[in-house]
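The numbers here are math on the coordinates, done by the rules we state, and not lab data. These numbers were taken from a predicted model, which means no experiment stands behind them. With ideal geometry, Cβ positions are generated from the backbone for all residues, glycine too; neighbour counts draw on all protein chains shown.
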């Protein structure tokens, strides 16, 4: 493959790494504090009299220009995108906890834009090479285009998996705290509020959102079902079903919570044992291709040197 192809592949990988890091840093900054609110609070503390336009101009170029343009493209592409695709993407973003300040149509538009940009860049690199030949390098152009289209989907899937893993890990402890609060005399809503105040994780945020929906007039049954749908894990679905049945049948809430807590802890232990049993299988490839060849080189190299020396005598 010509040197231009290697340069194009390296540049594409660099773009992907920079994009992933920038998205992660921007999301972390947004999770910690809203930049516009932070600047407004800073100006208020200093006593400076500024207009809203000046505060908006003080934001980064990405927040002022790029994100609004992408959102506009998403609004236009939503007219031509099948509704089912938008609904499925919105569902997946809900399962991921809406990690980015964009809607489903904008997310789909970003996938197409990134695919066109990476594919176009690799194509331009090959056209500018001394011997342009797109037929021989079509696999690299297709790979860059597919990688740009698939990368946001991969990032979203990773967010969903990590969020669900975090919720599964936190559920037994949260149910223990719920049980203690209910046995101490608190109602179920107040106990959920205590859990949301004590921790700062995905499960606590889900409980806090459910409490707000109940306070705004939604019934507890509907709010709990919506929470289970937003999280998308079987453990939460069974927990919500048990809570709803306990309300309908008049069973002790504390007893139901204790049983659910024991079941969640058992499932977490079984999941840990399953991961432990997978470890030997996952170690086969590193041992076969990395560890064993190294050991063979260390053991056989002195013998090979001695044999070669004996033949040269």
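Could you work out Rg/(2.2 N^0.38 Å) for the range 224-297, with Rg from alpha carbons only? Each step should come with its number before you reach the end.
Values: Rg = 21.1 Å, N = 74, 2.2 N^0.38 = 11.3 Å.
So the range 224-297 has a normalised radius of gyration of 1.87.
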Next item on the list: Quickly work out the residue 128-to-residue 215 label distance, labels modelled 7 Å from Cα along the C-beta direction, and quote it in nm with one decimal.
Entry: 5.6 nm
Next item on the list: Would you mind calculating the gained length between residue 208 and residue 309 on full extension (0.36 nm times residue separation, minus the Cα-Cα distance), in nm to one decimal?
Entry: 28.8 nm
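Sorted from fewest to most neighbouring beta carbons within 10 Å, what does the list 213, 235 look like?
Details: 213 17, 235 20.
Listing 213, 235 from fewest to most nearby Cβ atoms yields 213, 235.
Using just the alpha carbons, could you tell me how many Å³ per residue the convex hull of the range 165-280 encloses?
Hull volume normalised by residue count: 97 Å³.
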